[in-house]
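Below is one structure, written out as structure tokens; the observations come after it.
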Amino acid sequence: MKPSLDPFTVLMDLQTGALDPTVETVERRLSDMKGMYQVEPDGDDQVIYRVLLIPVPERNSEIQCSTTILEPGVVGDEYYMTKGHFHQVRDRSEVYIGLAGEGLLVMATEQGDHAVEPIQPGTVNYVPGGWAHRSVNTGTEPLVFFAAYVGDAGHDYGTIETRGFPVVVLRGASGPRVVPNPRYRR
Ligand code: PAN
Ligand code: ZN
């Protein structure tokens, strides 16, 4: 087999998640999160997370890599979080490596099972195929993690936009509380 890509190296800042070179950045603002929080955000339409991508062809033989920088904050009592998604090709898996900050990785199956795992510097989270995933910043600093996933996974945001996750993560008097999502649609 003749390879179709040449090897390359990207420099990743392990504290900020910055990539050099920065090839492609996705920014998500509060206005991109309509209907996802228990209450609608008001005030400034700030960027709540950025995804820095190391793009490679979207095929099964490659590995997509990115860093995510999720700002700290709350909407009502709900911590800033990513939109969350299933992979379009459902059985495609992913690995997250925590770099900075602290947060939770909320995962759910289409059958309604859920799992919540910590993200902090040094954690390696394995997201098996079939599990939707959303990260939540429960700390006071940016939550930064590296992600690597199967090249042709794709992203299905619509299912989560419609159904939500079975649980939400709320700020409580003595730390984060994981509680059932009253708006979850089975
Ligand atoms: C991650 C996510 C990233 C942003 O790279 O895409 O953290 O989250 P949303 O895509 O849900 O907005 C990943 O899981 N990629 O598959
Ligand atoms: Zn993913």
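Return the total of residues in region 125-146 being among the acidic types (Asp, Glu) and surrounded by 24 or more Cβ atoms within 10 Å (Cβ to Cβ).
Here the count works out to 0.
Could you please tell me which pairs satisfy a Cβ distance under 7 Å, a separation of 6+ or placement on different chains, a first residue in region 51-69 that is over 13 Å from Ser4 (Cα atoms) and surrounded by fewer than 19 Cβ atoms within 10 Å (Cβ to Cβ), and a second residue that is acidic (Asp, Glu) and at pLDDT below 95?
No pair meets every condition.
Could you list, in sequence order, all residues of region 70-85 that are more than 12 Å from Tyr149 (Cβ to Cβ) and either assigned to a loop (DSSP other than H, G, I, E, B) or within 16 Å of ligand 2 (Cβ to nearest atom) (or both)?
Leu70, Glu71, Pro72, Gly73, Gly76, Asp77, Tyr80, Met81, Thr82, Lys83, Gly84
What's the total number of residues in region 28-43 that are of a type outside the set (S, T, N, Q) and loosely packed, with under 12 Cβ neighbours inside 10 Å?
Number of matching residues: 5.
Of everything in region 118-131, what is within 23 Å of Pro72 (Cβ to Cβ) and within 12 Å of ligand 1 (Cβ to nearest atom)? Give them in sequence order.
Passing the criteria: Ile119, Asn125, Val127.
I'm trying to understand the selection: among the residues of region 135-150, which are within 11 Å of ligand 2 (Cβ to nearest atom) and either in contact with a Phe, Trp or Tyr (Cβ under 6 Å, 6 or more places away or on another chain) or over 16 Å from Thr82 (Cα atoms) (or both)?
Ala147, Ala148, Tyr149, Val150
Show the residue pairs that are 6+ apart or on different chains and have beta-carbon atoms under 6 Å apart, the first residue being within region 11-36 and at negative phi, the second being of a type in the set (Phe, Trp, Tyr).
So the pair list comes out as Arg28/Tyr49.
The values are calculated or read from the model by the stated rules, or taken from the named source; none is laboratory data. It should be emphasised that the depicted structure is a prediction, and the values quoted were computed from it without experimental measurement. As a convention, Cβ positions derive from the backbone with ideal geometry for all residues, glycine included, and neighbour counts pool all protein chains shown.
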